[in-house]
Amino acid sequence: MLVCVCKRVSDSMIHDAYEEGIQSVESLGQHLGLGQCCGKCKPYAQQVLDTASKNTSASGVQMWSPAGASTLNVWNPAA
Ligand code: FES
């Protein structure tokens, strides 16, 4: 979904930028141009960054289970 109409920045581009270490709307502006025209996208861009952050910290570690085809979810200290 397009987040910044002016600079044509999508939510997936923001997620990719987050994975590369960009964690603020200001940094998104420097790297992708987001928010550099009308600025109306900044609040939603912040929400997308927050979601990316939660998805990263909430992801569990999975281990292969020798007992079958299923995997085991283990405790994630970062969650
Ligand atoms: S919609 Fe992002 S700067 Fe206008």
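Every number here is computed from the coordinates shown, using simple stated rules; none is lab data. All values reported here derive from a predicted model rather than from experimental measurement.
Which of the lysines could a cross-linker span from Lys54 if the Cα-Cα distance has to be under 25 Å and same-chain partners fewer than 8 positions apart are dropped?
By straight Cα distance, Lys54 reaches Lys40, Lys42.
Determine the gain in length on full extension of the stretch Ser53-Gln30; use 0.36 nm per residue of separation and subtract their C-alpha separation, reporting nm with one decimal. Let's see the in-between values first.
Details: separation 23, 0.36 × 23 = 8.28 nm, distance 1.94 nm.
So the extension gain works out to 6.3 nm.
Would you mind checking which residues have amide H under 5 Å from Val3's amide H? H placed 1.01 Å from N; only 5 or more apart, or other chain.
Excluding prolines and chain starts, which carry no amide H, the hits are Val9, Ser10, Asp11.
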